[in-house]
Amino acid sequence: MSSVATPAPVPRRGRRRRRTKLQRRQTRFAWLLLVPALAVVAFVAIYPLGRTVYQSFTDQEFLAGITPTKWVGLDNYHQLIHDTIFRDTVVLTIKFTAITVSIEFLLGLTIALVVNSHFKGRGIMRAIMLVPWAIPTVVAAKMWLWMLDDTYGVINDLFVRTHLISHNQSWIVQHPLVAVSAVDIWKTAPFVALLLLAGMQVIPNDLYEAASVDGANQLQQFWRITLPLLRPAILVALIFRTLDALRVFDVFQVFFGYRLGSQSMAVYNQSVITQDGHVGYGSAVSVAIFLIISLFVVIYVTVVRVSDE
Amino acid sequence: MSTAAEATRATVRPVSRSVRLRRSPLGRALLRLPFWLLIVAIAVYALFPFYWALRSAITPDSELFTTPITYFPSHPTWAHFHDALSQSYFRRALLNSTIVAGSVTALSLAVGSLAAYALGRFRFRGKSFVLYLMLSMTIFPQIAILGALYTMISGFHIVGPVHFPKLYDSLFALIFSYLIFTLPFTIWVLTSFMRALPADLEEAAYVDGATPLQVFWKVLLPLIAPGLVTTGLLAFIAAWNEYLYAVSFIQSPSHYTVPVAIATFSGSSGNAFQFPWGTVMAATIIVTLPLIAATLLLQRRILAGLTAGAVKG
């Protein structure tokens, strides 16, 4: 994307020496404009990241001062490998990611295909789809927690009425993964649909017209035109959703608090740091999560590269 | 989209039953019926939780906690709204969130538009490096630096006597840490807006003797005003909705932001045995109304900003 050349805003003609001087001045000015942004990024992102890595090699506690923090080498990482609670959170989070990302993608694609046709009220429809995304996840989680209530919940009522279930379920206790996934899917499937819709709208209509002149039916058009041309949008949506799902915190924390066995990676990490005050060990957990997420990025990029060739 | 082709074909060929059905107004409506059912289903799916929150907020407790449940309240009441708004920490949370999200948005736009000016309108070495740095920041997992931020805001020595102020349990901690996800995003989107502007206006201003800063302030900034609204709104929503840092760095209820307040809500109407769901639902309606209004009004702009942020990556 940086290959898009920006026209220099200064008059381009002039003697060569003056131009280079001007260019140098411009470069200096541009960096000057970037100073505040780079300072902020260095201070709120790069330094903390480095510090997290450093802390992960120490036994730092939140109530420092009682015992001085010391360097413990790889001790935290040794402990992490044998930490079965952490292992469970990794498994649970990956399960959650697999469930939500695949359903959100399929549901989002279906919704996008429906909304992509011309009809009155398409603008309103798009606005409606944006609303679940715009509200805080905590609020969405509370709304669903009440809807999933075991006695007075509307989900139980609807499912019992339609005979999908025979009696009221305690969703939070019996089907925790289904319950959190339902909130996430509700909140983001319409959003995925909007991303895909944006991709669909740049596909030129001529292609479909040409295809239908050639006798291709709707299904063939979908497989041969829509899906291949939508590939970039699909990839972006999938990558962003996967990264988001892997660092999920809000829904899990609101639904289960810090209940053992129902923690996502981020909930566990946050509780180690802020509830238990084990800043050193918690930083090692952070680094592990960071590596797990990076691993997924690498896998995605490799898959894309390989299938491109 | 194939109707034109079929209409011309139909004049030469004997008209088949399906084509006849497709041509009559009633038939067309019937064929469109499954489509409209799908549209309605999608809308109901997206909106039902809001309806349910509203219905629960205006249903009196005596009716709310009975089975079989009612889908429409027979005696609607505002009591839960009064109860929610009478909680002082909930009102405080609304104010706190406005302060935090407002400050974060203003800071991000100020710092971000300067950076976007450099990245979008100048050619210099290291530009693509800065752009990719910002892009990688936008997908940065916030949890990864929680440990370090926690140490930093608890007050620590930077170098020798230089001290970072203790920000724990203050709104400054949030304003500071929220910049990590609003600023890179703001820079990324505003740069794409800056880049899309034609060079002529700028050149004319330079010929008239304007300085680069004047060009920025008087020519470019007014032109990317729609971009500022879009990114500002997205940054505001992101900061307004943030929960992880808010629940980690804030302790006293008087400093709660909206998500923390909602998550820990316990109104006064509930008794010891029943959680005050009616009041909680009233509170959720109160905090979502401004967001819903903003999204409905600025839907097109938000989508433009989101796709600029996502698809162009």
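Data overview
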quantity	calculated
For B:Leu223, B:Leu171, order by how many other beta-carbon atoms lie within 10 Å, fewest first	B:Leu223, B:Leu171
Spin-label model distance (nm) - B:Arg195 vs A:His118, 7 Å beyond Cα toward Cβ	3.3
Solution diffusion estimate, µm²/s, Stokes-Einstein, the range B:88-264, Kirkwood Rh from C-alpha pairs, 25 °C, viscosity 0.890 mPa s	137
Charge-dipole axis of the protein assembly as shown as Lys and Arg at +1 and Asp and Glu at -1 on Cβ define it, positive-most pick from B:Leu31, B:Ala106, A:Ala211	A:Ala211
Relative contact order for the range A:235-309, counting Cα pairs under 8 Å that sit 6 or more residues apart, in percent	25
A:Lys95 paired with A:Arg231, simple spin-label distance in nm, labels 7 Å along Cα-to-beta-carbon	3.5
Per residue convex hull volume, Cα atoms of the protein assembly as shown, in Å³	217
Magnitude of the charge dipole, the range A:62-221, Cβ model with Lys/Arg +1 and Asp/Glu -1, debye to 20	300
Gyration tensor verdict on the range A:235-294 (Cα atoms; rounded if a/c is under 1.5, prolate if a/b is larger than b/c, oblate otherwise)	oblate
Listed residues B:Ser254, B:Ser56, B:Ser74, most fluctuating in chain B (Gaussian network, C-alpha, under 10 Å)	B:Ser74
D (Stokes-Einstein, µm²/s), Kirkwood Cα radius, the range A:192-309, 1.002 mPa s at 20 °C	122
Distance (nanometres) between label positions extended 7 Å along Cα→Cβ at A:Leu32 and B:Arg123	2.2
All lysines inside 20 Å of B:Lys127 as judged from Cα atoms, apart from same-chain residues fewer than 8 positions distant	A:Lys21, B:Lys312
Computed magnitude of the charge dipole of chain B (debye, nearest 20; Cβ of K, R +1, Cβ of D, E -1)	1540
Taking B:Trp217, B:Trp36 and counting other C-beta atoms within 10 Å, the order from fewest to most	B:Trp36, B:Trp217
q = 0.19 Å⁻¹, the range A:15-131: log10 I(q)/I(0) [Debye, one scatterer per Cα]	-1.08
For the protein assembly as shown, with +1 on Lys and Arg beta carbons and -1 on Asp and Glu, the positive-most of B:Phe72, A:Ile135, A:Val301 along the dipole	A:Val301
Residue-span extension gain [B:Thr98 to B:Ala294] - 0.36 nm each, minus C-alpha spacing	69.1 nm
Under Karplus coefficients 6.51, -1.76 and 1.60, residue-wise ³J(HN,Hα) of the range B:240-254 in Hz, glycine/proline x	5, 8, 4, 10, 4, 5, 4, 6, 8, 9, 10, 10, 7, x, 6
Förster radius 51 Å - calculated FRET efficiency between A:Trp71 and B:Ile139 (Cβ-Cβ, nearest 0.05)	0.95
Efficiency of FRET between B:Ser88 and A:Ile81 - r from beta-carbon atoms, R0 35 angstrom, step 0.05	0.15
Dipole of chain A, positive direction: furthest Cα of A:His278, A:Tyr258, A:Ile225, with charges on the beta-carbon	A:Ile225
Distant-in-sequence amide H partners of A:Thr58 (H built 1.01 Å from N, under 5 Å)	A:Val72
Linear extension gain, A:Thr110 paired with A:Ile46, 0.36 nm per residue minus alpha-carbon span	19.0 nm
Separation of alpha-carbon centers, the range A:247-296 and the range A:141-217, rounded to whole Å	27
Candidates A:Ile111, A:Ile99, A:Ile128: whichever shows maximal mean-square fluctuation once chain A is modelled as a Gaussian network with Cα springs under 10 Å	A:Ile128
Student exercise, chain A dipole from Lys, Arg, Asp, Glu Cβ charges, in Debye to nearest 20	2600
Candidates A:Ala134, A:Ala182, A:Ala193, ranked by Gaussian network fluctuation over chain A, Cα under 10 Å, top entry	A:Ala134
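Values quoted throughout were computed directly from the atomic coordinates according to the rules given, and no laboratory measurement underlies them. On a predicted model such as this, the values are computed, not experimentally measured, just so you know. Methodologically, a virtual Cβ is constructed for each residue, glycine included, from the backbone with ideal geometry; neighbour enumeration extends over all protein chains shown.
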